[in-house]
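Undergrad: Pasting a structure below so you can have a look.
The values are calculated or read from the model by the stated rules, or taken from the named source; none is laboratory data. Since we're looking at a predicted model, the values are computed, not measured. Note that we place each Cβ from the backbone using ideal geometry, even for glycine, and neighbour counts take in every protein chain shown. Remember, those area values only see protein heavy atoms, side chains included, never the ligands or the DNA or RNA. Shrake-Rupley method; radii C 1.70, N 1.55, O 1.52, S 1.80 Å.
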Amino acid sequence: MISGFSGKIAKKYEGSAFELMADVAMDALNMAGLGLRDVDGLSTTFLPGVFDGKTHLHFQASQVAQYLGIRPKYLDLLDFGGASALAMIPRAINAVASGLAENVLCILGGKGSEVRSKGVTVDGYDRVDKGVQLTPFDRYYRGGFDFNPVTDYALAAQRHAKVFGTRDEQRAMIAVSQRKNSVTNPYALYPEELTVERVLSSPVIAEPLHLLEAVYPVDGFHAFVVSKRNRTLNDLRVEAYGEAHWPEMPCELDDLVVTPALESSRRAGFDPRRADCLQLYDSFTITVLLQIEDVGLAKKGQGGKFVESTDTTRRGELPINTGGGSLNTGQPAYMSGGVLLEEAVRQLNGLAGDHQLSAVKSVFLNGIGGWGRNHSVTLVLGV
Amino acid sequence: MRLQEIQEHYDAAFRRGCVPFLACEECSKFFFYPSTRCRKCGSARLDKRLSAGEGKVFAITRFRAKDSGEVSYGIVQMEEGFRLYCNFEEFGSKLEVDSGVKVRAIGETFQLLARPRAL
Ligand SMILES: [Zn+2]
């Protein structure tokens, strides 16, 4: 199954996104003992601005193939934002199993710095390019300030606090635990330990969220090779899988305190407590909190109590985001899925270095994507 | 009904400072973000309506914008039963979830603004 992988992250990468993408792809293929000529499947993803500031790459998947000199038999472009990485794997496995391809190269990432320099996020790209549309009715929706991932998740955090009494301190504990996990991760941006007080004394970016509760957009790529024959890594299998896509405007949902992870995890039907660790999408602390409830670790509304009473560090009873997550590595191209998947594959192969857990047999992953938490993918990988 | 007809109703409402919405005549679903099909039952039998503008804060956040100082933004639960995103004008008194607000539309910019109901 996964025969090679690679990830590279930089606060600001000085070259083109294509260069970094090619380097990461080659590293993953090298690990697999494969060359570009062996690649006959390609799967990738795109968000506006992350390829060298271009709003749109015309036939993006073809351009990636063209740059690498690949002529795939199987070509795919996924559009689930941060959840794309996890959705690529079972699709690639199906492609291999059904004989469509032998080696599928899955590539995700780009340059967050290009978007950051324009003073927007990918979900606000319509502010810098009028050719971008977020909804079929932007005219009646984008008149005012300012829906973006920060305000969107701020509203979710506020509803969670209002409906369930969740406290800022409880969300902050998620950032503190993940920082404990990241101190031995060589990819982490921040070496210093964190306390609840430090999180809560960082600037408020949108009430009630603080700066240290949010990911920092960075440059980076991840590549994973899914192969028919795997010579190098442990043979992983998909133990459970589910996805859910809720296209509604968040305000049109019954409430903001649930995500499609409720449905994708139910589809997967795997008790997350049976996994040796979890990788939960961590664009914000509240994102992790919502998934703790939605994947079934805690009853809805009890996520705050759960993080208070459960040690989620890698030495604890239920390790979550064992490498510190993207809250600590930075979020490459506004999508954290590659960070989650790389950490899971490392743990399952005993390649996590100083933050390796012992005897990891299964990892429960959940990815969230889309600008209104529209997509969720639950993936359980086992060895 | 054609989308253009709905848009004309919306644009005219915004110009008058009113909040438009659509009501499904099949299933009685009310919604603000326009479509030619009811998003609950798929019916094209939609009635173009105007809201009284009264509602309650459903969610609210505040942040500092580069040019405009502190901005309040969030969701209002309208009395007719649909929700929309808007900005808040707080006039010094902080709005909270469930505070009563009156929403008005601003024609040229298609902005929706909610202010405390007492004002
Ligand atoms: Zn209907």
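Undergrad: In terms of Cα to Cα distance under 19 Å, which lysines are near enough to B:K102, apart from those fewer than 8 places away along the same chain?
TA: Counting by Cα, and skipping residues close in sequence, B:K102 has these lysines nearby: B:K56, B:K94.
Undergrad: How much accessible surface area, in Å² rounded to 10, belongs to the heavy atoms of A:K54 with a 1.4 Å probe?
TA: Using a 1.4 Å probe on the heavy atoms, I get roughly 120 Å².
Undergrad: With r defined as the distance between the Cβ atoms of B:E26 and A:T135 and R0 fixed at 22 Å, what FRET efficiency is calculated, to the nearest 0.05?
TA: Step by step, r from the Cβ atoms, then E = 0.40.
Undergrad: Now a separate question. Quantify how strongly other chains surround peptide B:106-112 by giving the mean number of their Cβ atoms within 10 Å of each of its Cβ atoms.
TA: Shielding by partners across B:106-112 averages 3.
Undergrad: Report, largest value first, the span of the C-alpha coordinates of the protein assembly as shown along each principal axis, in whole Å.
TA: For the protein assembly as shown, the Cα spread along each principal axis is 69, 48, 43 Å.
Undergrad: Here is a follow-up. Contour minus end-to-end for A:S98 and A:V128, with contour as 0.36 nm per residue of separation and end-to-end as the Cα-Cα distance?
TA: Between A:S98 and A:V128, full extension yields an extra 6.5 nm.
Undergrad: Here's another thing I want to ask about it. Leaving out same-chain residues fewer than 8 places away, which aspartates and glutamates sit with a Cα under 15 Å from that of A:K130?
TA: Candidates past the 8-residue exclusion: A:D138.
Undergrad: Please report, to one decimal in angstroms, the Kirkwood hydrodynamic radius of segment A:83-218 built from all distinct Cα-Cα pairs.
TA: Taking every pair of different Cα atoms in segment A:83-218, averaging 1/r and inverting gives 18.3 Å.
Undergrad: Taking R0 as 51 Å, what's the FRET efficiency between A:Y190 and B:R37 from their Cβ-Cβ distance, rounded to 0.05?
TA: 0.60
Undergrad: Follow-up question, since we're still on this one. Summing +1 for each Lys or Arg and -1 for each Asp or Glu, what net charge is found among the other residues whose Cβ lies under 12 Å from the Cβ of B:L113?
TA: Overall, the nearby charge balance is +1.
Undergrad: List the lysines whose Cα sits under 30 Å from the Cα of A:K228, skipping any in the same chain fewer than 8 residues away.
TA: Within the straight-line cut-off, A:K228 pairs with A:K8, A:K73, A:K361.
Undergrad: What does the charge add up to near B:R45, with Lys and Arg as +1, Asp and Glu as -1, over the other residues with Cβ less than 12 Å from its Cβ?
TA: 0
Undergrad: Tilt of helix B:3-15 relative to the longest C-alpha principal axis of chain B, in degrees (0 to 90, nearest 10)?
TA: With rounding to tens, the tilt is 30 degrees.
Undergrad: Distance in nm between label sites at B:R117 and A:R231, each 7 Å beyond Cα in the beta-carbon direction?
TA: 7.3 nm
Undergrad: Under a crude label model (7 Å from the Cα following the beta-carbon direction), how far is B:E8 from A:L36 in nanometres?
TA: About 5.7 nm separates the two model spin labels.
Undergrad: Hey, another quick one. Check the protein assembly as shown for me: any Cys whose beta-carbon has no other cysteine beta-carbon within less than 4.7 Å?
TA: Flagged as lacking a Cys partner: A:C106, A:C251, A:C277, B:C18, B:C86.
Undergrad: Pick from A:G323, A:G143, A:G81: which is most flexible by mean-square fluctuation in a GNM of chain A where alpha carbon atoms under 10 Å apart are linked?
TA: A:G143
Undergrad: Can you check what the net charge comes to around A:M88, using other residues whose Cβ is under 14 Å from the Cβ of A:M88 (Lys, Arg +1; Asp, Glu -1)?
TA: With Lys, Arg at +1 and Asp, Glu at -1, the net is -3.
Undergrad: Picking from A:G372, A:G350, A:G49, which is most flexible by a Gaussian network model of chain A using Cα springs under 10 Å?
TA: The residue with the greatest mean-square fluctuation here is A:G350.
Undergrad: Let me ask you something else. Could you give the distance between the Cα centres of segment A:354-382 and segment A:1-73, to the whole Å?
TA: 22 Å
Undergrad: Connecting C-alpha atoms closer than 10 Å in a GNM of chain B, tell me which of B:C86, B:C24, B:C41 has the biggest fluctuation.
TA: Among B:C86, B:C24, B:C41, the largest GNM mean-square fluctuation belongs to B:C41.
Undergrad: Over segment A:285-383, what number does the Rg to Rh ratio reach, with both radii from the alpha-carbon atoms and Rh per Kirkwood?
TA: Reported Rg/Rh (Cα atoms, Kirkwood Rh): 0.94.
Undergrad: For peptide A:129-136, what's the mean number of Cβ atoms from other chains within 10 Å of each residue's Cβ?
TA: Counting Cβ atoms of other protein chains within 10 Å of each residue's Cβ and averaging gives 1.
Undergrad: Express in whole angstrom the spacing between the alpha-carbon centres of segment A:130-181 and segment A:78-109.
TA: 29 Å
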